[in-house]
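Below is one structure, written out as structure tokens; the observations come after it.
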Amino acid sequence: VSIVALATIVLYSMKTGSIEISFNELITGLIKNDNNGNIGIIKDVRLPRVLCAVLIGASLGVAGTLLQAVMKNPLADPGIIGISSGASFTAVIITAFAPTLYFFTPIAAFAGGVVVFFMVYCLSWKGGLSPMRIILTGVAVNSLFTGLSSALNSMSGGDRTGVSAIVEANITQKTWDDVTTLLPYVVAGLFLAMLFTQECNLLSLEDKTARSLGVNVNVTRIVISLVAVLLASISTAVAGAISFLGLIVPHIGRILVGSNHKMLIPFSAFFGAFTFLLADTIGRTIVAPNEVSAAVIMSVVGGPFFILLLRRSGRYGK
């Protein structure tokens, strides 16, 4: 169902906008590889944006699933705990001050995400890791790096399109270059995530039980965390920091397909892609010809969702 829903929203998003054509024209033009007229414009302008949204949504959905497994914390999300803002900050630095190194932006964003992840872990450690302490520390670190990114954007006069797009989490002007930048990292990250489905299941057990089954708990946590940081950071390098997607998708996945990560991770990839593309499509059409960023749509939906989870999960405050 999630695959069919994703395919449907991809076609709808491609046909809807300032240039609007019928489904038949769109499908016929794509099959015939027509590069003229409206089909050509859609393939050059709208299709790269759609594919970027699909790749970003899949990455963030799986990243959230992995982080929740590693931290045993259903409130974990790359945006909430600061990974996305750290990756965004390093991407902004590269874009603003070394634009000739644009090719290395994903690697720099990954490095920033890793630094922030370990910063949150270290600052949260106090005789152990409390799920709520991780969230509170992450919120503080997220605010710090979000403020630094906004400051850099203001210092540049707000007229550097690349910097503004990352800070504002806007995917309006994404091109085929952005798709080719995202694709290898996302495919590699999703492949690695699928390799660790069994380990994610074992991490849901008590640490003593997992160790008795032959799992090196600490090493496994670090490796899976790095995969999650990779997926979140690469998406952030291209689209900016997007919160709550990695929180919402795994929760819906557990309701629909259960907690077995062999099903949950692929579902999170497809449903994450669907959710983010749906948010972007709504943002493009709700106040046309103006646009609302998909990140804003996700925040409007995700904020109340996060509050609801907090109210229903009083035990996380212990």
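The values are calculated or read from the model by the stated rules, or taken from the named source; none is laboratory data. Every value quoted in this text rests on a predicted model; they were computed, and no experiment measured them. We place every Cβ from the backbone using ideal geometry, glycine too, and count neighbours over all the protein chains shown. Protein only, heavy atoms only, side chains kept; ligands, DNA and RNA dropped before computing areas. Shrake-Rupley method; radii C 1.70, N 1.55, O 1.52, S 1.80 Å.
Once the 1.4 Å probe is applied to the protein heavy atoms, the stretch 1-131 comes out at 42 Å² accessible per residue. In the stretch 50-111, the C-alpha radius of gyration followed by the widest Cα-Cα span (Dmax) gives 13.4, 41 angstrom. Accessible surface computed residue by residue for the stretch 179-318, with neighbouring protein chains in place and a 1.4 Å probe, gives 47 Å² per residue.
Quick check: with the 1.4 Å probe, what order do Leu182, Leu148 take by accessible area, largest first? Don't skip to the answer; put the middle values down first.
Working: Leu182 0, Leu148 70 Å².
Greatest to least solvent exposure: Leu148, Leu182.
Measure nothing but the geometry: give the 0 to 90° angle between the long axis through the Cα atoms of 294-312 and the longest principal axis through the Cα atoms of the chain, rounded to 10°. Here the helix axis deviates by roughly 30 degrees. Heavy-atom accessible area for Tyr12, with the other protein chains in place and a 1.4 Å probe, reaches approximately 100 Å². Could you compute how fast the chain diffuses translationally, taking Rh as the Kirkwood radius over C-alpha pairs and applying Stokes-Einstein at 4 °C with viscosity 1.567 mPa s? Give it in µm² per second. In µm²/s, the coefficient rounds to 65. Considering every alpha-carbon pair of the stretch 87-154, the percent of pairs per 5 Å bin, from zero through the bin containing the longest distance, is 3, 18, 22, 20, 16, 11, 6, 3, 1. The magnitude of the dipole of the chain, with charges of +1 and -1 set on the Cβ of Lys/Arg and Asp/Glu and taken from the Cα centre, is near 1040 debye. With respect to the chain, whose longest principal axis is taken over its alpha-carbon atoms, helix 217-239 is tilted by about 20°. So for the stretch 1-136, considering every pair of alpha-carbon atoms, how many percent are separated by more than 21 Å? Percent of Cα pairs beyond 21 Å in the stretch 1-136: 59. Placing one identical point scatterer on every Cα of the stretch 194-293 and ignoring solvent, what is log10 I(q)/I(0) from the Debye formula at q = 0.18 Å⁻¹? Relative scattering, expressed as log10 I(q)/I(0), comes to -0.95.
In the chain, helical runs assigned H by DSSP with n ≥ 4 each contribute -39500 (n - 2.57); averaged across all residues and rounded to the nearest 500, the mean residue ellipticity at 222 nm is -24000 deg cm²/dmol.
Protein chains only, probe 1.4 Å: how do Leu190, Leu60 rank by accessible area, largest first?
On the way: Leu190 45, Leu60 5 Å².
Result, largest first: Leu190, Leu60.
Computed over protein heavy atoms with a 1.4 angstrom probe, the accessible surface ordering of Ile307, Ile234, largest first, is Ile307, Ile234. By accessible area, using a 1.4 Å probe on protein heavy atoms only, the stretch 160-316 has 64% of its surface on carbon and sulfur. Electrostatic bookkeeping for Tyr121 treats Lys and Arg as +1 and Asp and Glu as -1; over the other residues with beta carbon under 12 Å from its beta carbon, the sum is +3. Within the assembled protein chains, the solvent-accessible surface assigned to Lys43 is about 30 Å², based on a 1.4 Å probe. Across the chain, C-alpha contacts under 8 Å between residues 6 or more apart give a mean separation that, scaled by the residue count, equals a relative contact order of 31 percent. Rolling a 1.4 Å probe over the protein chains gives Leu205 an accessible area of about 70 Å². For the stretch 1-155, with all protein chains present and a 1.4 Å probe, just round the carbon and sulfur fraction of the accessible area to a whole percent. In the stretch 1-155, the share of accessible area belonging to carbon and sulfur is 71 percent.
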